[in-house]
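The structure appears right after this line, and notes come after that.
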């Protein structure tokens with residue numbers, strides 16, 4: 001980006017908003033690996049790469065270094081996860097209401113509709 005560093009955005013902002021707030025992408029920046037429509041999570045860092053750049057150690061693909069906290073995420077934020085639509089996001093929030101906070105990511109498997117394959121997709125993208 002033109003002006004790297006911390007940007008402050010309103011809740012519900014998207015990755016594209018963060019890139020724009022940082023002055024936009026540099027001409028050589030490769031935005032093809034970044035989901036510009038994804039809603040940001042407070043405190044996350046978005047790496048806007050250039051061809052051949054090496055992502056920061058431990059950073060998941062897609063430019064985000066922050067896993068989504070399933071204890072604080074809104075239904076809208078949960079819907080950004082792979083395999084999670086409005087119904088499943090609602091069930092995750094309802095599980096929290098009924099059972100309290102998740103103490104382990106593994107407890108997602110207790111949510112109706114999260115089977116083994118969905119859980120495997122989510123496991124590395126969420127935290128408690």
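Side notes on the structure shown:
- Scaled to the globular estimate 2.2 N^0.38 Å, the Cα spread of the range 68-127, given as radius of gyration, is 0.95.
- Look at the alpha carbon pairs under 8 Å that are at least 6 residues apart: their mean separation over the length of the range 68-127 gives a relative contact order of 40 percent.
- Nitroxide proxy distance, nm - points 7 Å out along Cα→Cβ at residue 14 and residue 109: 3.5 nm
- Normalised by 2.2 N^0.38 Å, where N is the number of residues, the C-alpha radius of gyration of the chain stands at 1.14.
Where a number appears in this text, it was derived from the coordinates with a stated rule and is not lab data. The structure presented is a predicted model; accordingly, all values stated were derived computationally and were not measured. Heads up, the Cβs are rebuilt from the backbone with ideal geometry, glycines too, and the neighbour counts pull from every protein chain shown.
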